[in-house]
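Asks: One structure, as structure tokens, below. Some questions next.
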Amino acid sequence: MTLTTSIASSKGQFLPHEAPPSSRVPPGASIRHELVKLLTVAAPIAGGQLLTMLMGVVDTRILGYAAKEGSADFGGASTGRAIGFTCMVFAMGIASACDTLASQAIGAGEDAEAWNALETTLRTALLWTFPCAIVAMLATFILPYVGVEAEIAQHAQRFTLGQLPSMFFIVGFCATKGYLQARHRTSILIVSALIANIVNVPVCMLLVRGDAAFTSVGMPLVGMPALGSFGAGLALSVGSIVQFLIVYAYARSIAPLDRKSQFDKAKVMRLGLPIGVHLVAEYGAFSLVTVLAARCGRAEVGAHQVAIVLASFTYMGALGIGGATSARVGRAIGAGVSPRMPGLLGIGLGVAFMGACAGVFALFPSTLVLMLTPDKTVLPIAVKLLYIAACFQLFDGVQVVTSSALRGTGDTRVPLVANLIAYWAFAIPLGFTLGVAMKMGAIGLWLGLTLGLIIVALALFVRFWQRSGTLIARV
């Protein structure tokens, strides 16, 4: 996609020096209108994202309390979850192309084109999920050769095996969510996540604890073995299947009757491939930190798991705001107006949300840690990590929402370059130096991640400000 001196839209031709239609609306009224629209779309997405993340929090708590103090299955599941997600995010990146394509099509009044974008993106992304799943499973067998304790590596393999089916349904959910947020039909995301959580709790307790899950509530034994980390992975798969089936069925029910147009698969790859590599670079850095934490010992990786689950919980809220921002920015471009206002309002909402989360982390770190594990060897380290997380929350909010805003414009290459440089040229070398070489453990690793978040947040904000200064052509 390129910047042009003129842009065709359903409303006519506009030049960069001419005021777009939105600027003819009184500024205060325009801002209020956009803010209401953004909140209306963002609230269900953020709520759905938080409830989706809640499944991981619940699984972590059930496994954390079922495991013995200092056991390897808790840290192993953390490592397996990180590896699986890192491999899966490449296919999720392909699926995220639907965010841009569907929202710009809806903004231009092309409903059938938006549905075709979903179908094409869904098929393409699911095909890419197969090699991602294979790589995830193979990666767990390499862990002992990079210094990870053999027992932790075994539990990582078991968790990853259990979560393999979830990869396909999470990727499918990601593409479908892009279509729904473009249509501003996002309430179903909360409904699906609620139902998935209701299913997940008993399933996870049963699969992780076996007969103990029944005896603890006065029920007779049924001969169910405790599957531990493998059971936690299976529970994730069950919840993901339920959530995807609900949202996809709803998406089909609101799809236009006219679905005859064909969509360009190459366009999906041109947008999705940089997003996929960008997500691998970002989440790969966090996964490598998990592996390095595992090298530092069970308490270190356990503390890292607790802190990363809590930080990921807040991140999902910001990601929901980012999804709404991407949809509003894409709609603006499809309609031929400036995307700056929805982008900046979305970034502001992200900062406000993450600022509130930072306050909670700073005020109640011990309480939050004890919600997930009673392990006394993990508690003091995890508390320190939450203090660090409180410091980088604002930058995390800026980077995730700004990245989504740029995705709405069709700019997926600059976020890729920014993430590669920030994490792999600065964050990982600093984290390795502090955490491994200087033996600061997980704390040193997290200080490195903080530097990466600061760099990428500043770089992406500058990019969006520059890019949104002129009208932008549709992809």
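Asks: Taking the stretch 302-320 as the search range and keeping residues that are of a type in the set (A, V, I, L, M, F, W, C) and at pLDDT 85 or above, which one is surrounded by the most Cβ atoms within 10 Å (Cβ to Cβ)? Even if it seems obvious, please write down each step before you answer.
Replies: As a first pass, look at the stretch 302-320 and keep what is of a type in the set (A, V, I, L, M, F, W, C): 303, 306-311, 313, 316, 318-319.
Checking which are at pLDDT 85 or above leaves us with 303, 306-308, 310-311, 318-319.
Working: ALA303: 32, VAL306: 30, ALA307: 28, ILE308: 27, LEU310: 25, ALA311: 23, ALA318: 26, LEU319: 23.
Applying the filter and picking the extreme gives ALA303.
Asks: Of the residues in the stretch 218-249, how many are at pLDDT 75 or above and either part of a helix (DSSP H, G or I) or among the β-branched types (Val, Ile, Thr) (or both)? Spell out how you get there, then give the answer.
Replies: We begin by selecting, within the stretch 218-249, every residue at pLDDT 75 or above; these are 227-249.
From what's left, either part of a helix (DSSP H, G or I) or among the β-branched types (Val, Ile, Thr) (or both): 228-249.
Going through the stretch 218-249 one residue at a time, the tally reaches 22.
Asks: Shifting gears a bit: May I ask you to verify whether TRP446 is closer than 19 Å to PHE392 by Cα, aromatic (Phe, Trp, Tyr) and not in a loop (DSSP other than H, G, I, E, B)?
Replies: Details: closer than 19 Å to PHE392 by Cα: yes; aromatic (Phe, Trp, Tyr): yes; not in a loop (DSSP other than H, G, I, E, B): yes.
Answer is yes for this residue.
Asks: A follow-up question, please. If you check LEU51 against the conditions, is it within 23 Å of PHE173 (Cα to Cα), surrounded by 15 or more Cβ atoms within 10 Å (Cβ to Cβ), modelled with pLDDT of 70 or more and not β-branched (Val, Ile, Thr)?
Replies: Details: within 23 Å of PHE173 (Cα to Cα): yes; surrounded by 15 or more Cβ atoms within 10 Å (Cβ to Cβ): yes; modelled with pLDDT of 70 or more: yes; not β-branched (Val, Ile, Thr): yes.
So LEU51 passes the test.
Asks: So, one more: What is the one condition in (1) of a type in the set (Ser, Thr, Tyr); (2) modelled with pLDDT under 90; (3) more than 21 Å from the chain's Cα centre (by Cα) that SER287 does not satisfy?
Replies: Tallying (1) of a type in the set (Ser, Thr, Tyr); (2) modelled with pLDDT under 90; (3) more than 21 Å from the chain's Cα centre (by Cα), SER287 fails exactly one: (3).
Asks: Does SER96 meet the test of being out of contact with any Asp or Glu (no Cβ under 9 Å at 6 or more places or on another chain) and either modelled with pLDDT under 95 or polar (S, T, N, Q) (or both)?
Replies: Working: out of contact with any Asp or Glu (no Cβ under 9 Å at 6 or more places or on another chain): yes; either modelled with pLDDT under 95 or polar (S, T, N, Q) (or both): yes.
It is true that SER96 is out of contact with any Asp or Glu (no Cβ under 9 Å at 6 or more places or on another chain) and either modelled with pLDDT under 95 or polar (S, T, N, Q) (or both).
Asks: So which residues in the stretch 335-365 are within 18 Å of SER30 (Cβ to Cβ) and either part of a helix (DSSP H, G or I) or in contact with a Cys (Cβ under 6 Å, 6 or more places away or on another chain) (or both)? Steps first, please.
Replies: Step one: of the stretch 335-365, the residues within 18 Å of SER30 (Cβ to Cβ) are 335-349.
Across the stretch 335-365, the qualifying residues are ALA335, ARG340, MET341, PRO342, GLY343, LEU344, LEU345, GLY346, ILE347, GLY348, LEU349.
Asks: Next up: When the residues of the stretch 250-269 are narrowed to those that are part of a helix (DSSP H, G or I) and without any contact (Cβ under 8 Å) to a residue 60 or more places away in the chain, which ends up surrounded by the most Cβ atoms within 10 Å (Cβ to Cβ)?
Replies: Restricting attention to the stretch 250-269, the residues satisfying the condition of being part of a helix (DSSP H, G or I) are 250-254, 265-269.
After this cut, where a residue has to be without any contact (Cβ under 8 Å) to a residue 60 or more places away in the chain as well, the list is 252-253, 266.
Working: ARG252: 11, SER253: 9, ALA266: 9.
Top of the filtered list is ARG252.
For every residue, the table says whether it meets (1) within 23 Å of ALA293 (Cβ to Cβ); (2) surrounded by fewer than 22 Cβ atoms within 10 Å (Cβ to Cβ).
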| residue | (1), (2) |
| --- | --- |
| GLU110 | no, yes |
| THR121 | no, no |
| PHE159 | yes, no |
| VAL171 | no, no |
| HIS184 | no, yes |
| LEU194 | no, yes |
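Asks: Out of all the residues in the stretch 354-369, is one or more surrounded by 24 or more Cβ atoms within 10 Å (Cβ to Cβ), more than 24 Å from GLY435 (Cα to Cα) and not hydrophobic (A, V, I, L, M, F, W, C)?
Replies: no
Asks: I would also like to ask the following. Tell me which residues, restricted to the stretch 99-133, are touching a Pro at 6+ places or on another chain (Cβ under 7 Å) and charged (D, E, K, R).
Replies: Restricting attention to the stretch 99-133, the residues satisfying the condition of being touching a Pro at 6+ places or on another chain (Cβ under 7 Å) are 111-112, 115.
Residue satisfying the conditions is ASP111 alone.
Asks: Mind telling me which of the residues THR412, THR373 ends up being at pLDDT below 95, hydroxyl-bearing (Ser, Thr, Tyr) and out of contact with any Pro (no Cβ under 6 Å at 6 or more places or on another chain)? Step through it out loud before you land on a result.
Replies: On the way: THR412 fails: out of contact with any Pro (no Cβ under 6 Å at 6 or more places or on another chain).
After ruling out the rest, the residue left standing is THR373.
Asks: Given the options VAL398, VAL369, name the one that is part of a helix (DSSP H, G or I), under 30 Å from TRP465 (Cα atoms) and either touching a residue at least 12 places away in the same chain (Cβ under 8 Å) or not β-branched (Val, Ile, Thr) (or both). I'd like the intermediate steps shown before the answer.
Replies: Numbers: VAL369 fails: under 30 Å from TRP465 (Cα atoms).
Result: VAL398 is the single residue among VAL398, VAL369 that is part of a helix (DSSP H, G or I), under 30 Å from TRP465 (Cα atoms) and either touching a residue at least 12 places away in the same chain (Cβ under 8 Å) or not β-branched (Val, Ile, Thr) (or both).
The values are calculated or read from the model by the stated rules, or taken from the named source; none is laboratory data. Since the model is a prediction, treat every value here as computed from it, not as a measurement. FYI the Cβ positions are ideal-geometry reconstructions off the backbone, even for glycines, and counts take in every protein chain you see.
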